[in-house]
Amino acid sequence: MWTEDDVVIVDVSWLKPHEEIKIKARDKLLDMTKRWGGFTKPVLVDSITGSLLDGHHRLSVAQELGLSKIPAICLDYLSSDDITLELWPNSGYSSITKSMVIEMCNSNELFPPKTTKHTTIFDLPPILVSLEELK
């Protein structure tokens, strides 16, 4: 089970997204993040490549706020059984592999929003990391 002790602070610049975001959803999260004064959920990242697996809207919020750091849970994506990859209904894809996600992260392209759905054995822990800590 992941706990707050598993959360690390990583450089925003290290993260490589693989999906576009929905601006309206990002703006709503941006407003909530400002009201809370911090992040309440870490992003999920491949520890080897910096590929962002879950938390594209949170990353965009950090970028909008000019933050240099973001709270994250890091794991070895390709070899971990703690995380599985599915497709959202109506994604337009018949299948996507974990390797394809890593390849997309290393390209200059992005999947459309809500293409991939990463499911973890453990829930991401609730946290509160202040915006001040992440500047």
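The values are calculated or read from the model by the stated rules, or taken from the named source; none is laboratory data. Because the structure is predicted, anything quoted here is derived from the model rather than measured. Heads up, the Cβs are rebuilt from the backbone with ideal geometry, glycines too, and the neighbour counts pull from every protein chain shown.
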| message | I'm told K41 meets every condition in (1) assigned to a strand (DSSP E or B); (2) closer than 18 Å to P125 by Cα except one. Can you identify the failing condition by its number? | response | (1)
| query | Which residues, counting only those in region 76-102, are assigned to a helix (DSSP H, G or I) and either loosely packed, with under 15 Cβ neighbours inside 10 Å or hydrophobic (A, V, I, L, M, F, W, C) (or both)? | reply | S99, M100, V101, I102
| query | Which of the residues that make up region 9-38 are touching a strand residue (DSSP E or B) at 6+ places or on another chain (Cβ under 9 Å) and either closer than 19 Å to I121 by Cβ or of a type in the set (S, T, Y) (or both)? | reply | T33
| query | Scanning for something basic (K, R), in a strand (DSSP E or B) and either free of Cβ contacts under 8 Å to residues at least 60 places away in the same chain or farther than 21 Å from E4 by Cβ (or both), does region 63-73 turn up at least one residue? | reply | no
| note | For region 122-135, pairs from a residue that is β-branched (V, I, T) to a residue that is assigned to a loop (DSSP other than H, G, I, E, B) and modelled with pLDDT of 95 or more, with Cβ under 7 Å and 6 or more apart or across chains, are I127/V7; I127/T40; I127/K41; I127/P42
| Selection from region 99-124 of residues that are among the charged types (D, E, K, R) and closer than 22 Å to S13 by Cα | E103, E109
| Residues of region 8-31 classified as part of a helix (DSSP H, G or I) and more than 24 Å from S130 (Cβ to Cβ), total | 2
| task | Would you check if there is a residue in region 23-37 being at pLDDT 95 or above, surrounded by 18 or more Cβ atoms within 10 Å (Cβ to Cβ) and in contact with a Lys or Arg (Cβ under 6 Å, 6 or more places away or on another chain)? | result | no
